[in-house]
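The values are calculated or read from the model by the stated rules, or taken from the named source; none is laboratory data. Everything quoted here is computed from the prediction, not taken from an experiment. Reconstructed Cβ throughout: ideal geometry from the backbone, glycine too, with neighbour counts over all protein chains shown. Just so you know, the surface numbers come from the protein's heavy atoms only, side chains and all, with ligands and any DNA or RNA stripped out. Shrake-Rupley method; radii C 1.70, N 1.55, O 1.52, S 1.80 Å.
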Amino acid sequence: MKSKQKDFRFRQLLVLCGLAAAILLPGCKGFPVKGEKEARQQVEDATAQYRPEGQKPTLPTLTTNSSLSDFLTYALLNQPKVEAAYFDWVASVQRITVQRSLPDPQVTFQMDIQDVVTSLMPGLMMSFPGMGKLRAAGAVAAAASQGGYFTFRSASLQSAFDVKRTYYRLYFLEEKIRVNRENLGLLQELEGLARSQNEVGKATLQDVLRAQIEQERLNNDIVNLEDSREPLLAQWQAALGIEPNDPTPPVPARFESTPLDLAADKWLEQALAENTRLKAMAADVHAAEAAIRLAYKARMPDTSVGFMADAKMSPVLYRPWGTVSIPLWRDKLAAQVAEAQANKRAGEARLTAEQIGLAVDVAERAFVYRETTRNLNLLQRALLPKQRQSLEVARSSYLAGQVDFLNLTEAEQTLLRFNLDEVEARTQRELSLAELSLIMQGMPPSGGGATGMEISSPGIGAGKKMGGSTMGGGPSSGGMGSSGGTMLPGNSAPPPKKMNQEGMSQ
């Protein structure tokens with residue numbers, strides 16, 4: 001009879017413990033820390049546009065008539081790098097709740113056994129970290145989640161820049177091919193002039209051969225340029241986040257420049273205020289400050305309390321118990337505080353260094369923009385019109401026998417180089433505008449900037465000055481323009497070529 005009563009009490013205690021765990025634990029919620037609600041609201045707002053209902057939204061249909069904004073939207077929603085940054089940020093926001101929550105309660109069970117079971121003690125145990133520890137840990141996680149948010153924004157901006165950069169390079173590649181083909185047609189006309197002059201005895205066959213040699217060289221340049229389209233299309237596909245096995249996406253037929261509606265003297269101020277990389281570093285500093293407060297909380301002892309009942313005893317024996325940790329190792333506590341303080345100072349130093357570097361980035365991109373704008377104006381307003389006129393004069397003089405064919409082809413080659421320089425200047429200008437726009441919105445582009453993104457063409461390689469010298473015979477201009485293929489229009493004309501007896505250029 002007593003045995004049945006003990007078994008009944010034991011089962012009753014187990015049921016009570018189970019009911020307590022089932023009722024209390026799922027219904028328990030912690031208290032949000034400062035910044036947690038704001039972080040969750042940020043996630044909710046971003047998710048509504050970027051991943052509504054947790055799914056990728058319908059992507060825009062891309063055609064050659066699609067606007068550049070359609071391609072930018074497609075890349076933002078489809079680029080895996082942006083998606084990875086988004087989910088990293090979402091995970092960091094969820095981590096706030098994990099860090100500021102109490103440890104899970106534990107159901108305990110203990111038995112004393114001699115020849116028979118002498119005691120059965122189910123129970124419940126709960127641990128409580130030191131006062132303020134959970135809130136400090138949550139504050140650290142909240143500050144870190146802000147860094148994840150700005151990293152997501154930076155990835156979005158970088159995706160947009162990758163699309164714009166490849167878009168401009170593809171467009172101006174077609175422009176270079178067009179210029180070379182137009183010049184090829186001009187060379188064919190010059191060959192026709194040389195043949196007609198040769199037929200009437202006013203020129204030798206050497207003039208015809210010179211025209212043919214230039215045509216062969218230009219044909220090869222066009223083939224090389226057309227072949228360079230393939231890697232650019234691969235970059236275009238990658239910028240849109242399309243897998244290699246999928247069909248190559250179309251390229252927009254219309255050209256759209258990057259607007260930059262901000263006064264030049266406000267560029268740096270805007271960059272310092274809006275740069276997402278700076279904001280991410282500032283969030284790291286805030287996280288380090290919260291980590292310092294958490295390190296000081298390590299001096300607070302942790303406690304654990306529990307309650308057990310012996311179902312074998314009659315009457316039932318109740319056993320409450322508790323433990324308190326002793327933060328004994330003072331050197332360990334001091335080291336935790338010192339580590340957190342050092343991390344904060346390192347974060348502040350990195351933030352200052354990034355601000356300095358940002359100022360340099362803005363100055364360099366602004367210089368490239370101003371330089372290419374000046375060069376473009378010079379080419380379009382003065383050099384190209386005058387060189388076209390010079391070519392017509394040389395053509396008339398050649399027909400009149402006043403100049404030789406070498407001078408005529410030299411005028412033609414100078415016009416070609418001016419045309420290519422004009423395309424190159426437009427390319428550099430658009431890339432520098434895109435970079436400045438990116439800096440204004442958030443972050444400096446990775447890599448070498450506009451200087452490393454020109455479209456090299458046969459005969460005018462990246463980083464080469466036209467004509468081999470700078471205007472006025474002085475040293476080349478410094479900064480980004482001097483090393484990145486920025487053209488100085490006044491030196492586009494090539495030096496006269498020396499010809500051997502067979503008409504081959506040396």
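Contact map, the range 318-333: residues that are open to solvent by less than 100 Å² (accessible area, probe 1.4 Å) paired with residues that are of a type in the set (D, E, K, R), Cβ distance under 9 Å, separation 6+ or inter-chain. Pairs shown: R319/D310; T323/D302; V324/D302; S325/D302; P327/R299; P327/D302; L333/R299.
One residue alone among K344, K297, K386, K312 is at pLDDT 85 or above and surrounded by 13 or more Cβ atoms within 10 Å (Cβ to Cβ), and that residue is K344.
Of the numbered criteria (1) closer than 26 Å to E36 by Cβ; (2) of a type in the set (A, V, I, L, M); (3) surrounded by fewer than 22 Cβ atoms within 10 Å (Cβ to Cβ), the one A137 fails is (3).
Candidates A290, A342: the one that is in contact (Cβ under 8 Å) with a residue 60 or more places away in the chain, assigned to a helix (DSSP H, G or I) and more than 30 Å from G123 (Cα to Cα) is A290. When every residue of the range 406-419 is checked against the conditions, none turns out to be within 30 Å of P301 (Cα to Cα) and assigned to a helix (DSSP H, G or I).
Mind counting the residues in the range 100-134 that are open to solvent by 100 Å² or more (accessible area, probe 1.4 Å) and closer than 30 Å to L294 by Cα? Let's see the steps before the verdict.
Here is the first cut: in the range 100-134, the residues open to solvent by 100 Å² or more (accessible area, probe 1.4 Å) are 104, 109, 113-115, 131.
Keeping just the survivors that are closer than 30 Å to L294 by Cα gives 104, 131.
Counting residues in the range 100-134 that are open to solvent by 100 Å² or more (accessible area, probe 1.4 Å) and closer than 30 Å to L294 by Cα gives 2.
Looking at V285, is it among the aliphatic types (A, V, I, L, M), under 30 Å from P129 (Cβ atoms), open to solvent by less than 50 Å² (accessible area, probe 1.4 Å) and modelled with pLDDT of 85 or more? For V285, the condition - among the aliphatic types (A, V, I, L, M), under 30 Å from P129 (Cβ atoms), open to solvent by less than 50 Å² (accessible area, probe 1.4 Å) and modelled with pLDDT of 85 or more - is met.
Restricting the first member to the range 136-164 and to residues that are farther than 22 Å from Q237 by Cβ, and the second to residues that are at pLDDT below 85 and of a type in the set (D, E), the beta-carbon pairs closer than 6 Å and six or more apart or on different chains are A142/E36; G147/D284. Scoring L262 on the criteria (1) at pLDDT 80 or above; (2) out of contact with any Lys or Arg (no Cβ under 7 Å at 6 or more places or on another chain); (3) farther than 20 Å from V163 by Cβ leaves a single failure, condition (1). The set of residues in the range 45-99 that are open to solvent by less than 30 Å² (accessible area, probe 1.4 Å), in contact with an Asp or Glu (Cβ under 9 Å, 6 or more places away or on another chain) and within 30 Å of S127 (Cβ to Cβ) comprises V93, I96.
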